[in-house]
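Visitor: Could you have a look at this structure, given as C-alpha cells, before my questions?
The values are calculated or read from the model by the stated rules, or taken from the named source; none is laboratory data. If you're wondering where the values come from, they're calculated on a predicted model, not measured in any experiment. Cβ placement follows ideal geometry from the backbone for every residue including glycine, while neighbour counts extend to all protein chains displayed. Calculation scope for accessible area: heavy atoms of the full protein, side chains included, ligands and nucleic acids excluded. Shrake-Rupley method; radii C 1.70, N 1.55, O 1.52, S 1.80 Å.
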Amino acid sequence: MRVSLRHFRVFIAVAESGQISKAAAALFTSQPAVSEAIKTLETDVGVKLFNRTPRGVSLTYEGAIFLEHAQNVLATAVDAMLAPQKVRRDLDGELTLACTHTVAGYFITPLLSRFARIFPGIKVKLVELERPCIEDRLMSGELEVAVCLLSPLEHISEIETELLVRSKRRLWLPANHALLDRKNVALRDLEHEPYIMLTIDDADRTTLGYFERAGFEPNVVFRTSSMEAIRNVVSEGHGVTVLSDMVYRPWSLDGVRLVAVDLIDQIPSMDIGLAWNRASGLGRDAQLFCDVCRYGAGIVGSGMFAESQ
C-alpha cells in the first residue's frame, strides 16, 4: 500500500471542506498534491470515495463509511503522541464532566475513550445538561469542568473557556433543490423556503439571531430536537435548514442524499470547547483531561480544528 497518515489527513480535509482548493489551503499544500493524494487513496482502497461536481466534491456512500475509519486512524496517531504520559497510569481519581446534547452525540466519546486509555485509574462520570444548568453549576462549584458550546455562554467574565473545535454552519438542501444551481446562495434566498428548526443546545436562538440580522424571520414549518429527523425531512424535500458541519451527514437514515452548501452571509460557527470556573481553576484530574482534549480535538473535529481556522 502507498497510503500514509498524510493521505488520511488529506481525505478528511477534502471531505469536510467539500472542495479541493479549500482542503489545499487548510493543509498549506497545492491543489495538485491534494488531488494526487485522493487519487492514490481511491486506487489503493479500490472504490470511489468522492463524487466530482462543478461545485466541488461530495462523499460517496463508500466514502462516508471510510471517513469514520480515517478519523479513527488519525485518533490512534494522537494516542501515540500521548503515549509518554502513560508513565502516570497508576493515578487514581474521579472526575465529573458535564456536556451538552450535541457534544454528547458528536464530539465527546472519542475524547473519553482516549482519556480512559491513558489514565485508566481516573474514572469519569459524564452528565448531560442544558447549557444554562452547566453555567450555574460551574459558578456554584458543583462542577469543575465542562465541554460545551461556547458561543451562548452568558457568564463569560467569570467562566474560563478554551476553544477546541470551530465548526462552520452551512445550508442543508435536498439533492435536487433549485438553489444548488446558483453560484452564490444567501440567507435572503431562504425567505420563502420551509425551514426546519433544530431546538437543542440553543440552536433555535442562534438561528433566529442571524436571520434577524439578515432582515427577516425564517418560515419555520417544523421544530425538532432530533438530528435524524432533520436529515430525513430535508433529504425528502420538505424543508431546508442551516446547521454545522460537525452534525452533517450526506445521507439520511433511509439512504436519501442531502447536500450542504456555503452561504455568502457571515454566519457564526458552532464553537465547542472547555469551560471552567475562572476563580476556582482546575484540579489535577480536570487538568489532565483538558490536556488530552488539547491533543485530541483536531482529530475529533477533523477539518474543523480550531487552530486551522
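Visitor: Check off (1) out of contact with any Pro (no Cβ under 7 Å at 6 or more places or on another chain); (2) at negative phi; (3) in contact (Cβ under 8 Å) with a residue 24 or more places away in the chain for Gly56 and give me the number that stays unchecked.
Guide: Gly56 satisfies all of (1) out of contact with any Pro (no Cβ under 7 Å at 6 or more places or on another chain); (2) at negative phi; (3) in contact (Cβ under 8 Å) with a residue 24 or more places away in the chain except (2).
Visitor: Consider Gly273 carefully, then state whether it is assigned to a helix (DSSP H, G or I) and open to solvent by less than 30 Å² (accessible area, probe 1.4 Å). Even if it seems obvious, please write down each step before you answer.
Guide: Details: assigned to a helix (DSSP H, G or I): no; open to solvent by less than 30 Å² (accessible area, probe 1.4 Å): yes.
The answer is no for Gly273.
Visitor: Which condition number does Asn51 fail, the rest of (1) of a type in the set (S, T, N, Q); (2) within 17 Å of Cys293 (Cα to Cα); (3) modelled with pLDDT of 90 or more being met?
Guide: Result: Asn51 passes all but (2).
Visitor: For the stretch 7-39, which positions are modelled with pLDDT of 85 or more and open to solvent by 70 Å² or more (accessible area, probe 1.4 Å)? Quick ask: steps written out before the conclusion?
Guide: Of all residues in the stretch 7-39, those modelled with pLDDT of 85 or more come to 7-15, 18-20, 32-39.
Within the stretch 7-39, Arg9, Pro32, Glu36, Lys39 qualify.
Visitor: Follow-up question, since we're still on this one. Give all pairs with beta carbons closer than 8 Å in which a residue from the stretch 93-106 that is in contact (Cβ under 8 Å) with a residue 12 or more places away in the chain meets a residue that is of a type in the set (Ser, Thr, Tyr); count only pairs at least 6 apart in sequence or on separate chains.
Guide: Correct list of pairs: His101/Ser225.
Visitor: Quick one: Ser58 ticks every box in (1) in a loop (DSSP other than H, G, I, E, B); (2) within 18 Å of Leu258 (Cα to Cα) except a single one, so which number is it?
Guide: (1)
Visitor: Continuing with the same structure: Sort out which residues of the stretch 249-259 are surrounded by fewer than 20 Cβ atoms within 10 Å (Cβ to Cβ) and touching a strand residue (DSSP E or B) at 6+ places or on another chain (Cβ under 7 Å), and write them in order of number.
Guide: Let us first name the residues in the stretch 249-259 that are surrounded by fewer than 20 Cβ atoms within 10 Å (Cβ to Cβ), namely 249, 251-257.
The answer is Trp251, Ser252, Arg257.
Visitor: Next question. Would you mind stating whether Thr29 is over 20 Å from Trp172 (Cα atoms) and assigned to a helix (DSSP H, G or I)? First the steps, then the outcome.
Guide: Details: over 20 Å from Trp172 (Cα atoms): yes; assigned to a helix (DSSP H, G or I): no.
The answer is no for Thr29.
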